[in-house]
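*Asks:* Before I ask anything, let me first share the structure, which is written out below as structure tokens.
Taken together, the values in this text are just the output of simple stated rules run on the coordinates, not laboratory data. Note that the coordinates shown come from a computational prediction; the quantities given were computed from them, not determined experimentally. Cβ placement follows ideal geometry from the backbone for every residue including glycine, while neighbour counts extend to all protein chains displayed.
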Amino acid sequence: MLVDKKYDEVDVIRLVVDNLNTHKDKAFYETFSKKEAERILSKIEFHFTPNHASWLNAAEIEINVMG
């Protein structure tokens, strides 16, 4: 896991993500035990892209055009 191996010596891992529901704290609590989710989340700082400027929206539009 990133917080344990690759970035174990850093204080905070800053992630820039879109607003997909799997990028929210709730997803960690659904996947891990409460204690483990809190441990992981204590090292992560989320920075969300604006809904109207999400790269995912652009990718979805492009895929729809090709279809």
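*Asks:* Return the label of the correct value of Cα extents along the principal axes in Å, as calculated from the structure shown, out of [x] 35, 19, 19; [y] 43, 24, 20; [z] 37, 24, 18.
*Replies:* Computed from the coordinates, Cα extents along the principal axes in Å corresponds to [y].
*Asks:* Convert each backbone phi in the stretch 33-44 into a coupling constant with the Karplus relation 6.51 cos²θ - 1.76 cosθ + 1.60 (shift: θ = phi - 60°), then list the ³J(HN,Hα) values in order as whole Hz, x for Gly and Pro.
*Replies:* With the stated coefficients, the stretch 33-44 comes to 5, 4, 4, 5, 4, 5, 5, 5, 5, 5, 9, 10 Hz.
*Asks:* Using the 10 angstrom Cβ neighbour count as an exposure proxy, how do Thr49, Thr31 rank, fewest first?
*Replies:* Thr31, Thr49
*Asks:* Here is a follow-up. About the Cα centre of the chain, how large is the charge dipole given +1 on each Lys and Arg Cβ and -1 on each Asp and Glu Cβ? Please answer in debye to the nearest 20.
*Replies:* My answer is approximately 180 debye.
*Asks:* When the Karplus curve 6.51 cos²θ - 1.76 cosθ + 1.60 is applied with θ = phi - 60°, which whole-Hz ³J(HN,Hα) does each residue of the stretch 6-16 get, with x for Gly and Pro?
*Replies:* Taking θ as phi minus 60°, the curve returns 5, 10, 5, 9, 8, 7, 9, 9, 9, 10, 9 Hz for the stretch 6-16.
*Asks:* Count the lysine pairs in the chain whose Cα atoms sit under 16 Å apart, keeping only pairs 8 or more residues apart in sequence or on different chains.
*Replies:* Summing the qualifying lysine pairs gives 9.
*Asks:* Return the long-range amide H neighbours of Ile44 (sequence gap of 5 or more, or a different chain), with a cut-off of under 5 Å between placed amide H atoms.
*Replies:* Long-range HN contacts for Ile44: Ile13.
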